[in-house]
Structures are given as C-alpha cells and as structure tokens.
Amino acid sequence: MSEFQENYDSLVKEGGLKMKEFLDSINPQCWACLFFPTQRYGQMTSALSESFNSWIRDERTMPITAMLDHIRLKLMEMMLDRCLESKSGNSVLCPAIETDLGNTVVLVSIGR
C-alpha cells in the first residue's frame, strides 16, 4: 500500500490537479493491481515482443531515426499488401478463414 501511495503521489505531483481529478474519478480496481480482487493477468509472456523483435531484426542495429523510418516503411508495405489482398477476394471472410471453413463461400446480406 505504501508503494502505491508513493507512486500515486508522484503522479499527482507531476500531473497536478488535473491528474488528481482524473485518478480520483476512476475506481482504483480498474487501474491499480493492488486493488484488483484476483490475479489481474492470467499469463504473462514475451511472445509478442519476441515476434516483433524478429520482424525488425535488421532494423534493430540502425540509428534510432533510421530504425523508426524503416519500421514505418515496413508497416506501410504490410498494410498495402493486406489491403490489396483483401480487395482481390470475393468473400467477406479472409482467405485463411474461408479455407478453414472448407472453401465454403459465405454470403452476407447487410441490413437484412
């Protein structure tokens, strides 16, 4: 409890009255592990960060501005590829799900 109070006081000191009003307006059970009645997270893994680090393997050794720019370009290329792939489909489902369903074409009438 003392550690929570120290951190709370630090947040309020840095953020001022607005931060205090914000924190006091939210039930601590919603944002402080100390007040959460059970274990807050079921399982903690680093799989996502490991996957991301693998994805940016070449960029990790670059200077920060070059690294960020290369990651931005990679993200843009990935989004473009996914956009083009989605436009080429003739179903409302992504290809992987359609394959999982046994190549069944699903038609959806929106608004009916």
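The values are calculated or read from the model by the stated rules, or taken from the named source; none is laboratory data. For clarity, every value in this text was computed on a predicted model and none was experimentally measured. Please note: Cβ atoms are built from the backbone with ideal geometry, for glycine as well, and neighbour counts cover all protein chains shown. In case anyone asks, the SASA skips ligands and DNA or RNA and just uses the protein heavy atoms, side chains included. Shrake-Rupley method; radii C 1.70, N 1.55, O 1.52, S 1.80 Å.
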Legend entry - the chain, accessible area per residue, ligands and nucleic acids excluded (1.4 Å, Å²): 87
Inset, instruction - Quick one: grab the alpha carbon gyration tensor of segment 1-40, order the square roots of its eigenvalues as a ≥ b ≥ c, and give me rounded if a/c is under 1.5, else prolate or oblate depending on whether a/b is larger than b/c. - result: oblate
Inset, instruction - Could you name the aspartates and glutamates whose alpha carbon sits less than 12 Å from that of residue 74, not counting residues in the same chain fewer than 8 places away? - result: 58, 59
Inset, instruction - Please build a GNM for the chain, connecting alpha carbons under 10 Å apart, and tell me which residue among 25, 51, 86 fluctuates the most. - result: 25
Inset, instruction - Match the structure shown to one of the listed values [x] 1.16; [y] 1.10; [z] 1.12 of Rg/Rh (Cα atoms, Kirkwood Rh), computed from it, and give that label. - result: [x]
Inset, instruction - Any chance you could look up the accessible area of residue 82 with a 1.4 Å probe, heavy atoms only, rounded to 10 Å²? - result: 150
Inset, instruction - Could you please state how large a percent of the accessible area of the chain is carbon and sulfur, counting protein chains only and using a 1.4 Å probe? - result: 58
Inset, instruction - Scan segment 1-102 for chymotrypsin sites (Phe, Trp or Tyr not before Pro) in coil per DSSP, keeping those whose Cβ has at most 15 other Cβ atoms within 10 Å, and list them by number. - result: 31, 41
Legend entry - Relative contact order (%) - criterion: Cα under 8 Å, at least six apart; region: the chain: 10
